[in-house]
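The values are calculated or read from the model by the stated rules, or taken from the named source; none is laboratory data. Keep in mind the model is a prediction, meaning the values are calculated, not measured. We place every Cβ from the backbone using ideal geometry, glycine too, and count neighbours over all the protein chains shown. Calculation scope for accessible area: heavy atoms of the full protein, side chains included, ligands and nucleic acids excluded. Shrake-Rupley method; radii C 1.70, N 1.55, O 1.52, S 1.80 Å.
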Amino acid sequence: MLEKHYQPAEVEGRIYRQWEETGAFKAGAGKRGEAKPYCIVIPPPNVTGSLHMGHALNNTLQDVLVRFERMRGRDVLWQPGTDHAGIATQMVVERKLAAENRTDRRTMGRAAFLDEVWRWKAESGGTITNQLKRLGASCDWSRDRFTMDEGLSRAVLKVFVGLYEKGLIYKDKRLVNWDPKFQTAISDLEVQQIEKKGSFSWTDGDPERPFDAAALAKALKKDPSGHLYHFRYPLKDDPTRYVTVATTRPETMLGDTAVAVHPEDERYTALVGKKVVLPLVGREIPIIADDYSDPEKGTGAVKITPAHDFNDFEVSSRHNLARINVLDAFARIDESAPDAYRGLDRFVAREKIVADMAALGLLAKIEPTTHTVPHGDRSGVPIEPWLTDQWYVDAKTLAKAAIAAVESGRTQFVPENWTKTYFEWMRNIEPWCISRQLWWGHQIPAWYGPDGEIFVAMSEAEAYEKAEAHYSGRKDPSSPQREEDDGEGQRQSPAQGAVPHLQGSTRKFTLTRDEDVLDTWFSSGLWAFSTLGWPDETAELKRYYPTSTLVTGFDIIFFWVARMMMMGLEFMHEVPFDTVYIHALVRDEKGQKMSKSKGNVIDPLELIEVYGADALRFTLTAMAAQGRDIKLAKSRVEGYRNFATKLWNAARFAEMNGCARTAGFDPAKVEETVNRWIAGEVERTAATITAELEAYRFNEAAGAAYQFVWGTYCDWYLELIKPILNGPDGKARTETRAAAAWALDEILRLLHPFMPFITEELWTKTGESGPGRGAPLVLTPWPEARRLENTAADEEIGWVIGLITAIRSVRSEMNVPAAAELELVLSGANDTSRIRAGRHGDLIRRLARLKSISLAAEPPKGSVQIVVGEATAALPLAGHIDLAAECARLEKEIEKARAEIAKVDARMANAEFVAKAPAAVIEENQGRKADFSAQIEKLEAALRRLKAAG
RNA sequence: GGGCGGUUAGCUCAGUGGUAGAGCACUACGUUGACAUCGUAGGGGUCGCAAGUUCGAACCUUGCACCGCCCACCA
């Protein structure tokens, strides 16, 4: 016997364990060979992370697809795993060390720190996995992977070496985005532009406001960015004259090596080629002409700081300017600057330099401006363009195949408009900086010889082999192939043939391994094939690659999807997935991205605890309309929790009424109209859900299921069959019990991808009677299309529902007490209606609260009259009717009908409409007019009778 | 500056050419043997504004307004 309420907390854990114990999620279980594979690789969450709303949405949608396809008989692999998340994880552990007052990372040393991180991973690494299980994710956990496990690390090495040897990975010294807090380079994608607006101003020579260094310091502390400083740089030839430059970054002036003006800017033509003396530093720097300078901006003369600005770096290449680095890794002024500034933090230096310039009379003015300041997305501090050696991937080359694959449709984005975003980025892709000055991650497999030679290899031993070969004058067995050898030793062309045997040789040198690790996304980029066993040629790789669908958020199209496309095509020579389904972001009520720092996070686990995993899943699915963000409202979750309860109680009702499943029941052979009707409705719903899921319209699929279960099965079907169930034993009751149980079974199947727990629980419970269940619901086939629709039954039940609804409506409007049982007199009814009324009299009486239904030529006097098709249904309410109110009601009905007719008439009066609209539309309009006209006639007749009686 | 998306009921949102919808909230009635986490009935919208295309526009086009996001730039 089912309880009155479904208790998710008591059920979910048990059900999930059952699924795992039966191996329901295992790929290939009993299906390998004959079944088509269907594979999704999970977007690997941070190994030490915990489930947030984005994960909940992402994994719910994947699970819906995976469960759907599994029921449809596909051999499903949902490949799970976690990501080591370099910066994020290292940050967490460092913070933990600090919080526990332990020695910091640098003091502790690399090996000890890594031990610490692994310990942390061991401690918290299972959290997210367990939380995904609570959500109901049906991943094949037996295949769980981690980006730093042995196999995936091997894949990373292989890819790095492979790309290096093809010249697609290289080392370069150029400006990178440097994060002074984490002391590492980061990629362009990890930089966030944050808009800053200045708040104060100052003008030289204003007698009211002399320069006040203390006030400036205070203002700058509060508001360090967003100001434009106009500096005067004295001319070398004539120190009384200046070139004024404007900058938002005063402290970088210490590294200026030129001032640029536009070649056609007449204000400065005479100065080009002359020199200025850089204040505070004393360096003489040239005034150059370069297109980069924009006469419209600032003063038209721009200071050039090649080592600290990406544009200036370009200018320096064109003009052969020195690149003077004035910042250290902490973004403090370094020793290349005058003593007075050395060691100062960049913002302290900013203050001092502005003050010093003012003291020299070289500060012309300060004005507030709005500009964006690049920040590290993890550290939150302003990043510095900084000149360092880093490793890069030649993304431009790899992008070619990745672009072509989407152009040709081998991989499709859903919704399709993300294609544009993908192309836009791919076609303008920049070299990808992959080295990170971190410790947690895949250490770069590059070793340096005594003279700086680079040996990239799968292992240290192999690196030594290569080095031996190199230093002994033999050809390096595997250096990069480059069409144009740039002359550097490590880029000699490879020699074919035997690797020199090194046994017994004494090394006269040592190699040092590159300390840096790879960008986390480098290993994530291999995810679609590394998790399947690559570089080994495993059966899984053969069977499941290319994978079927990738489900992810648009915020990581660049980070991840693009990189997987590039890596997949490069190493597997085939796209990593057929379809990329891009879902929305779950945002807070203001449409803002949820984040811990903003404190606007809704915890999915709390929702699961309160409402159950199924309610949360259904909410997310029902709201996952394509191309739109989800602003989550709790009331919605509550509503769908109620839906689960409704389903539960429908099952409970069935149980209480002996609606047990019957062996051999065939929905195509039912005889009762109501059963023929529900069979057709079930099938229609199944077809809709199937089609919508195939098209990734999750919200439509969920909506169809909801509408059917609540609005059709519970509200009508169960009500309609009550008289039969309560009636005498016999054929009709037997059939109806079986049909109700059958329909419930179908509902459980259709709902299972969305609400796996409650449906599985009900499947088990309802399986306790009747024929045994062959399998748990998770492995039960999806409803198949048959031909169960029955127009005659649809029309008949439609008529019954219409009559009942109309009577209820009038009762309510006339304030008839709910308990009062009325008589119904049907007049003007044709044969069909009379037969229908007779056949369904019991249930019409019950659902409309009637005492009796009788036929008459004319509606009795003093009755409320309802027009039902060709007939008029009358409720004799003599003495209870407010005559005026009833007249008003009828008149209102007539008015409504007339308004509809007027609309139709207006349309039909339009000659062009008649000429051009499709015949079906015209017919429909004519039909409408006829229907409404007939209705008006009946209503008018009713009104006349009413008035005559009065 | 380039791109994408949004503006529909009090709130959160569906709805891509032919009769404006859902959940929540609201009003009235109701504890009738599945369900008050419920039932029945109801109120509530000139679909941001303007012009255009069309027989017909919430839907297509253009412009405008406001909101959000992404990319680039920012002296």
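Tabulated data for the structure shown
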| quantity | calculated |
| --- | --- |
| The range A:812-950 - convex hull of the alpha-carbon atoms, volume per residue in Å³ | 123 Å³ |
| Relative contact order %, the range A:168-312, counting alpha carbon pairs below 8 Å whose residues are six or more apart | 20 percent |
| Cross-link table A:LYS892/A:LYS938; A:LYS196/A:LYS420; A:LYS222/A:LYS352; A:LYS221/A:LYS352, entries beyond 18 Å C-alpha to C-alpha | A:LYS196/A:LYS420 |
| Dipole-positive endmost among A:THR82, A:MET71, A:GLY54 within the range A:44-103 (Cβ charges, Cα centre) | A:MET71 |
| Computed Kirkwood radius, in angstrom, where 1/r is averaged over Cα pairs of the range A:659-817 | 16.8 Å |
| Helical mean residue ellipticity (222 nm; -39500 (n - 2.57) per DSSP H run of 4+; nearest 500) of chain A | -13500 deg cm²/dmol |
| Antiparallel content of DSSP bridges confined to chain A, in %, to 5 | 70 percent |
| Electrostatic dipole magnitude of the range A:845-950 [Cβ: Lys, Arg +1; Asp, Glu -1; Cα centre; debye, to 20] | 460 debye |
| Inverse mean reciprocal Cα-Cα distance (Kirkwood Rh) of the range A:139-267, Å | 21.0 Å |
| Spread of Cα-to-Cα distances over 5 Å intervals beginning at zero, given as percent, for the range A:308-402 | 2, 10, 12, 17, 21, 19, 8, 4, 3, 2, 1, 0 |
| Options A:SER201, A:PRO224, A:ALA213, ranked by Cα towards positive dipole end of the range A:200-241, top entry (Cβ charges) | A:PRO224 |
| Accessible area per residue in Å² at 1.4 Å probe, computed on the range A:707-854 | 42 Å² |
| Qualifying trypsin sites (Lys or Arg not before Pro) in the range A:1-58, DSSP loop, other Cβ atoms within 10 Å at most 13 | A:LYS4, A:ARG32 |
| Rounded to 5, the percent of DSSP beta bridges in the range A:213-317 classed as antiparallel | 80 percent |
| Long pairs among A:LYS96/A:LYS133; A:LYS896/A:LYS947; A:LYS158/A:LYS181; A:LYS274/A:LYS396; A:LYS173/A:LYS466; A:LYS181/A:LYS303, criterion Cα-Cα beyond 29 Å | A:LYS158/A:LYS181; A:LYS274/A:LYS396 |
| GluC sites (Glu not before Pro) restricted to DSSP loop in the range A:53-129 with at most 10 other C-beta within 10 Å | A:GLU100 |
| Distant-in-sequence amide H partners of A:ASP514 (H built 1.01 Å from N, under 5 Å) | A:ALA446, A:TRP447, A:TYR448 |
| Signed unit charges on C-beta, dipole axis of the range A:335-420, positive-most listed residue A:GLY361, A:PRO382, A:ALA402 | A:ALA402 |
| Bins of 10 Å from zero: percent of alpha-carbon pairs in chain A | 2, 9, 14, 16, 15, 13, 10, 8, 7, 4, 1, 0, 0 |
| Given charges at beta-carbon only (K, R positive; D, E negative), |dipole| of chain A in Debye | 2080 debye |
| Value of relative contact order over chain A, rounded to a whole percent, pairs C-alpha under 8 Å and six or more apart | 12 percent |
| Neighbour-limited loop hits for GluC sites (Glu not before Pro), the range A:258-308 (at most 15 other Cβ within 10 Å; DSSP other than H, G, I, E, B) | A:GLU264, A:GLU266, A:GLU296 |
| For the range A:524-594: Kirkwood Rh in Å [reciprocal of mean 1/r, alpha carbons] | 13.1 Å |
| log₁₀ of I(q)/I(0) at q = 0.13, 0.17, 0.25, 0.27 Å⁻¹ - the range A:225-310, Debye sum with one point per alpha carbon | -0.35, -0.62, -1.38, -1.57 |
| Distance in nm between pseudo-label sites at A:SER336 and A:HIS319 (7 Å out along the Cβ direction from Cα) | 1.7 nm |
| For the range A:323-337, Karplus couplings with θ = phi - 60° (6.51, -1.76, 1.60), whole Hz, Gly/Pro x | 10, 9, 7, 10, 10, 9, 5, 8, 6, 9, 5, 9, 6, 6, 9 |
| For the range A:212-265 versus the range A:606-682, the gap between their alpha-carbon centres in whole angstrom | 68 Å |
| Dipole magnitude (debye, nearest 20) for the range A:129-268, charges at Cβ of Lys, Arg, Asp, Glu | 740 debye |
| Portion, in percent, of the accessible area of chain A that falls on carbon or sulfur, probe 1.4 Å | 49 percent |
